[in-house]
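Trainee: Below: one structure in structure tokens.
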Amino acid sequence: MPQQLVETFTHDIEDSEVQFSDYRRYLSPALSKATDLVVESGKGMYLTDVHGKRYIDWVQGIAVNALGHAHPRVVQAAQDQIAKLITASFNVVNYPTTLKLAERIAEVTPGDLNSLLFANGGAEATDGAIKLARVVTGRPAVIAFKGSFHGRTMGAVSITASNSFYRKGIEPLMGGVYFAPYPSKDLCPEGYDAKQRASWCLGEVEKLFKYCVSPDEVACIYVEPLQGEGGYVVPDPSFLEGLRQMCTEHGIMLVFDEIQSGYGRTGKMFAGMHSQVVPDIMTVGKAIAGGFPMSAVISSEEHMNQWRPGMHGGTFGGNPVAGAAGLAVLDEFEEHHIVDHAAQLGDYFKSKLLELQQKYSFIADVRGQGMMLAIEFGSKGSKNGSDLFAEVSAKALEAGLLLLGCGADHDAIRFAAPLNSTTEEIDEGLDVFDGVLASL
């Protein structure tokens, strides 16, 4: 081993001396880094770096920490379980925590979506949902939407179209995938309102049936009920209603990706509930285990029973620590009415963003539902929306506010504050944000 590496590994280095640049060579650049921050701890809405600087974190692991960092109830549940058992593989044995969590989730899901397959991350769940739809229908094709993001495994990235960057250099991907436009302003005819955009996009799906793929060859229509990375786009309810009608008519499985939008983020337990549309399959993840890796494919028992044992799974899926944390999350949700709180707080948060839009003409749009909110930048002088996003996010970080973008044009900011935040905490973050906007 080279002497330089030996010295690096053997010398004791204080955490305060750790810099990302010193370790970059050990990490694949395939994992894009939004910042170079090295953080040491988190509590609630805040992160603290190794130098002791505190940041308001409105990314929260990309909408993972619905209850904020290191929620005491989640921490205690995980610590108690770790002291007993970390894993023995859910493929081999069963755990009380995971079994109870499956039942608890089934109690809050819509319709007859009461059978779960646990995995670790969203992309795994996406691949599982595609497999299940193909098994149940015996059909090969998938219809997804432009602007969508479903993950980066080969199956998940094959139905992802939030940016061509994700697909570059890895073609050919999974075959039998067709894309229709999602009812966002930038993908629809100019001047259309939300209902017109929904109708036009449904017509584009019908055109796929006419020109590209027969509906009796389509296993599933795979959609985010509120589009995430594509820009936090809220479709008119008639869009999901139309997809449901279309799927029922043609025997197609309707799949909702609720990985980012689910678990109270939009002010309902699941975003699809706003339109009262029940899918045939639903994927969840991110927030379900309080920060521990966990996701799930959820469908009816009838559909799940058509899967043969061994067709999908993984070594760590459904591990008991994540199960314990997941139970703690649901306990907190229930006892403190977190979903209702998210709806009310989201209304307040959005009203404040609309006030900022009135104050700053370069904010082109404010959108979202509940605590899944975003702003989109227009132009200011010679700077376009992408330029403004880059400048705002950099200045916000310097001022102690962590933000993340969304949208294919990199011109929008998504806000994923904890669902249990207070109005005072939202005001604290918005004061910093307002100051950054004023400095442009």
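For (1) crowded, with 23+ Cβ neighbours inside 10 Å; (2) of a type outside the set (D, E, K, R); (3) within 12 Å of the chain's Cα centre (by Cα), each residue gets a yes or a no:
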{"site": "219", "(1), (2), (3)": "yes, yes, no"}
{"site": "222", "(1), (2), (3)": "yes, yes, no"}
{"site": "230", "(1), (2), (3)": "yes, yes, yes"}
{"site": "238", "(1), (2), (3)": "no, yes, no"}
{"site": "241", "(1), (2), (3)": "no, no, no"}
{"site": "261", "(1), (2), (3)": "yes, yes, yes"}
{"site": "276", "(1), (2), (3)": "no, yes, no"}
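Trainee: Within the range 148-160, count every residue that is out of contact with any Asp or Glu (no Cβ under 8 Å at 6 or more places or on another chain), surrounded by 23 or more Cβ atoms within 10 Å (Cβ to Cβ) and in contact (Cβ under 8 Å) with a residue 24 or more places away in the chain.
Mentor: Selection size over the range 148-160: 1.
Trainee: Continuing with the same structure: Among the residues that make up the range 228-247, is at least one of them part of a strand (DSSP E or B) and of a type in the set (Gly, Ala, Ser)?
Mentor: No - not one qualifying residue is present in the range 228-247.
Trainee: Let me ask another. Restricting attention to the range 104-149, which residues are part of a loop (DSSP other than H, G, I, E, B) and aromatic (Phe, Trp, Tyr)?
Mentor: The answer is 149, and nothing else.
Trainee: Does the range 121-130 hold any residues that are touching a helix residue (DSSP H, G or I) at 6+ places or on another chain (Cβ under 8 Å) and within 19 Å of residue 90 (Cβ to Cβ), and which are they?
Mentor: Of the range 121-130, the ones touching a helix residue (DSSP H, G or I) at 6+ places or on another chain (Cβ under 8 Å) are 122-123, 126-127, 130.
Residues satisfying the conditions are 122, 123, 127.
Trainee: Would a scan of the range 391-401 turn up a residue that is surrounded by 24 or more Cβ atoms within 10 Å (Cβ to Cβ) and either over 29 Å from residue 333 (Cβ atoms) or hydroxyl-bearing (Ser, Thr, Tyr) (or both)?
Mentor: Within the range 391-401, the first condition is being surrounded by 24 or more Cβ atoms within 10 Å (Cβ to Cβ), and the residues that meet it are none.
There is no residue in the range 391-401 that is surrounded by 24 or more Cβ atoms within 10 Å (Cβ to Cβ) and either over 29 Å from residue 333 (Cβ atoms) or hydroxyl-bearing (Ser, Thr, Tyr) (or both).
Trainee: Separate question: Give 333, 377 a once-over and let me know the one that is without any contact (Cβ under 8 Å) to a residue 40 or more places away in the chain and either within 20 Å of residue 268 (Cβ to Cβ) or among the hydrophobic types (A, V, I, L, M, F, W, C) (or both).
Mentor: On the way: 333 fails: without any contact (Cβ under 8 Å) to a residue 40 or more places away in the chain.
Only one candidate passes the filter, namely 377.
Trainee: On to the next question. Looking at residue 256 and the list (1) assigned to a helix (DSSP H, G or I); (2) of a type in the set (A, V, I, L, M, F, W, C); (3) under 17 Å from the mean Cα position of the chain (by Cα), which single condition is not satisfied?
Mentor: Residue 256 satisfies every listed condition except (1).
Trainee: Return the residues of the range 203-217 that are assigned to a helix (DSSP H, G or I) and either in contact (Cβ under 8 Å) with a residue 60 or more places away in the chain or within 24 Å of the chain's Cα centre (by Cα) (or both); say none if nothing qualifies.
Mentor: Of everything in the range 203-217, those that are assigned to a helix (DSSP H, G or I) and either in contact (Cβ under 8 Å) with a residue 60 or more places away in the chain or within 24 Å of the chain's Cα centre (by Cα) (or both) turn out to be 205, 208, 216, 217.
Trainee: Considering only residues that are in contact with a strand residue (DSSP E or B) (Cβ under 8 Å, 6 or more places away or on another chain) and part of a loop (DSSP other than H, G, I, E, B), which ones fall in the range 150-161?
Mentor: Kept after step one, since they are in contact with a strand residue (DSSP E or B) (Cβ under 8 Å, 6 or more places away or on another chain), are these residues of the range 150-161: 150, 158-161.
Passing the criteria: 150, 159, 160, 161.
Trainee: Before we move on, is residue 178 modelled with pLDDT of 95 or more, in contact with a helix residue (DSSP H, G or I) (Cβ under 8 Å, 6 or more places away or on another chain), surrounded by fewer than 20 Cβ atoms within 10 Å (Cβ to Cβ) and of a type outside the set (Asp, Glu)? Spell out the reasoning first.
Mentor: Working: modelled with pLDDT of 95 or more: yes; in contact with a helix residue (DSSP H, G or I) (Cβ under 8 Å, 6 or more places away or on another chain): yes; surrounded by fewer than 20 Cβ atoms within 10 Å (Cβ to Cβ): yes; of a type outside the set (Asp, Glu): yes.
So residue 178 passes the test.
Yes/no per residue for (1) under 25 Å from the mean Cα position of the chain (by Cα); (2) crowded, with 22+ Cβ neighbours inside 10 Å; (3) part of a helix (DSSP H, G or I):
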{"position": "368", "(1), (2), (3)": "yes, yes, no"}
{"position": "414", "(1), (2), (3)": "yes, yes, no"}
{"position": "425", "(1), (2), (3)": "yes, no, yes"}
{"position": "429", "(1), (2), (3)": "yes, yes, yes"}
{"position": "433", "(1), (2), (3)": "yes, yes, yes"}
{"position": "440", "(1), (2), (3)": "no, no, no"}
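Trainee: Could you tell me which of the residues 125, 198 is among the aliphatic types (A, V, I, L, M) and farther than 27 Å from residue 101 by Cα?
Mentor: 198
Trainee: With respect to residue 39, is the statement that it is at negative phi and in contact with a Leu (Cβ under 7 Å, 6 or more places away or on another chain) true?
Mentor: yes
Residue-wise test of (1) part of a loop (DSSP other than H, G, I, E, B); (2) surrounded by 24 or more Cβ atoms within 10 Å (Cβ to Cβ); (3) within 17 Å of the chain's Cα centre (by Cα); (4) not acidic (Asp, Glu).
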{"position": "298", "(1), (2), (3), (4)": "no, yes, yes, yes"}
{"position": "314", "(1), (2), (3), (4)": "yes, no, no, yes"}
{"position": "321", "(1), (2), (3), (4)": "no, yes, no, yes"}
{"position": "330", "(1), (2), (3), (4)": "no, no, no, yes"}
{"position": "343", "(1), (2), (3), (4)": "no, no, no, yes"}
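The values are calculated or read from the model by the stated rules, or taken from the named source; none is laboratory data. Values in this document were obtained by computation on a predicted structure and should not be read as measured data. With ideal geometry, Cβ positions are generated from the backbone for all residues, glycine too; neighbour counts draw on all protein chains shown.
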